[in-house]
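Enquirer: First the structure, then my questions, so here it is.
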Amino acid sequence: MGVKRINMGHYMATSEERKHMQWCINNGIKISPFAHSTYEWYIDIEINGKKNRSPYLYKKVQIWEEIFKFYKYYYNKYGKNTI
């Protein structure tokens, strides 16, 4: 029996999106996929130790687009003027 591969799709973040992600990680905001199945994921958001899970399920590629939207949201909300 082989190992079943999980395909979350490919997404190339822009340099701006990577900046948002790095700022969030450096400031205690962690955003990650949480598997519901091998083809659907929730998004977990942890801010200073408090974790929340999105009520929505996302498919491959879409999961990464949404994660980077959350990074941008939190960067704009908390960090935009700190860099």
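Read-outs: derived from the displayed coordinates by stated rules, not from any lab. The model shown is predicted, which means the values in this text are computed figures rather than measured ones. With ideal geometry, Cβ positions are generated from the backbone for all residues, glycine too; neighbour counts draw on all protein chains shown.
Enquirer: With only alpha-carbon atoms in the gyration tensor, what are the semi-axes of the equivalent ellipsoid for the stretch 15-79, in Å, largest first?
Expert: 20, 14, 8
Enquirer: Quick one: how many lysine pairs does the stretch 1-74 have with C-alpha atoms less than 23 Å apart and a gap of 8 or more or different chains? Give me the count, please.
Expert: Value for the stretch 1-74: 24.
Enquirer: Oh, and also: Below 9 angstrom from the Cβ of Asp44, what's the summed charge of the other residues (Lys, Arg +1; Asp, Glu -1)?
Expert: Overall, the nearby charge balance is +2.
Enquirer: Here's another thing I want to ask about it. With charges set only on the Cβ (+1 for Lys and Arg, -1 for Asp and Glu), what does the dipole of the stretch 15-79 come to about its Cα centre, in debye to the nearest 20?
Expert: 120 debye
Enquirer: Putting +1 on Lys and Arg Cβ atoms and -1 on Asp and Glu Cβ atoms, find which of Tyr58, Asn76, Gly9 reaches farthest to the positive end of the dipole of the stretch 8-83.
Expert: In the stretch 8-83, that residue is Asn76.
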